[in-house]
Amino acid sequence: YKGQYYAYPFFVEPCGVLYYRKDYLAAAGLTEPPKTWTQTIDYAKKLTVRDGNNAITRYGFELGTGTNDLGIQSWQFEYQQGVDLISQDWSRATCNDEQHTAILQFYKDLKDQGAVANQSVSSWYDMASFYQNKVAMKVCGSWGITQIEQNAPELLESGNVGVSFVPPQDGNHE
């Protein structure tokens, strides 16, 4: 404009926020949100609730499993690991490096240890599973709090919604 370049960021988002139910954590004897991937798996198992027939009535953790969900949700883990899918010079794919292997192993461990549903209860960008009490912890964008406010304001008023960083592998947020 008038000989100057201007930019407007298309996507200014911390990629993911961990939403968690404080009351569910307290009932499971947990006093703070998970800080590492290992804790996330442990918490998810403790927060999963089954009925008398052993059917799951509430999952401990939800992470998107659809193609679109995995694509956008994996960004936060790539940022935490300091990697991209493509090398900086765009000459090669890097998705088979040690850091990406760790991310995929985390997803696999969540699934293999029963810490998440076989298929997402709701999409990554939809907080319905959280405010409908189907999951105790969920990763979503910052807009998730607005969905809770619009659809389940009593949940926010109760003070039982917690928000935290998505836990990195080793707990280091730097």
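Relative to the current alpha-carbon distance between ASP170 and LEU85, full extension at 0.36 nm per residue lengthens the span by 28.5 nm. Projecting label points 7 angstrom from Cα along Cα→Cβ for LYS45 and GLU157 puts them 3.9 nm apart.
With 0.36 nm allotted per residue and the present C-alpha distance subtracted, the LYS108-TRP143 stretch has 9.9 nm of extension available. Which angle between 0 and 90 degrees, to the nearest 10, do you get for helix 37-47 versus the longest principal axis of the chain when only C-alpha atoms count? Tilt relative to the chain: about 30 degrees.
Which log10 I(q)/I(0) values does segment 30-120 give at q = 0.11, 0.19, 0.25 Å⁻¹ under the Debye formula, counting every alpha carbon as one identical point scatterer? Log10 of I(q)/I(0), two decimals: -0.38, -0.93, -1.33. Highest mean packing comes first when the peptides 44-57, 127-140, 97-110 are listed by Cβ atoms within 10 Å, giving 127-140, 97-110, 44-57. Taking other residues whose beta carbon is less than 14 angstrom from the beta carbon of ASN96, and scoring Lys, Arg as +1 and Asp, Glu as -1, yields -3. In the chain, the DSSP-assigned H stretches of four residues or longer account for a calculated mean residue ellipticity at 222 nm of -10500 deg cm²/dmol, using -39500 (n - 2.57) per stretch and the full residue count as denominator. Note on THR31 and THR57: the model spin-label points, each 7 Å out from Cα along the C-beta direction, lie 2.9 nm apart. The relative contact order of the chain, computed from alpha carbon pairs under 8 Å that lie at least 6 residues apart in sequence, is 38 percent. If I take R0 = 41 Å and measure r between the Cβ atoms of GLN150 and TYR5 in this structure, what FRET efficiency does the formula 1/(1 + (r/R0)^6) give, to the nearest 0.05? The formula returns an efficiency of 0.65 here.
Net charge of the neighbourhood of GLN147, taken over other residues with C-beta under 13 Å away and scored Lys/Arg +1, Asp/Glu -1, is -1. Kirkwood hydrodynamic radius computed over segment 50-174 comes to 16.1 Å, based on all pairs of distinct alpha carbons.
When peptides 147-154, 163-170 are sorted by average Cβ neighbour count within 10 Å, with the highest value leading, the order is 163-170, 147-154.
Write down the accessible area per residue of the chain in Å², having rolled a 1.4 Å probe over the full set of protein chains.
Averaged over the residues of the chain, the accessible area is 59 Å².
The values are calculated or read from the model by the stated rules, or taken from the named source; none is laboratory data. Predicted model only: the values in this text are computed from it and were never measured. FYI the Cβ positions are ideal-geometry reconstructions off the backbone, even for glycines, and counts take in every protein chain you see. With ligands, DNA and RNA removed, areas are computed over all heavy atoms of the protein, side chains included. Shrake-Rupley method; radii C 1.70, N 1.55, O 1.52, S 1.80 Å.
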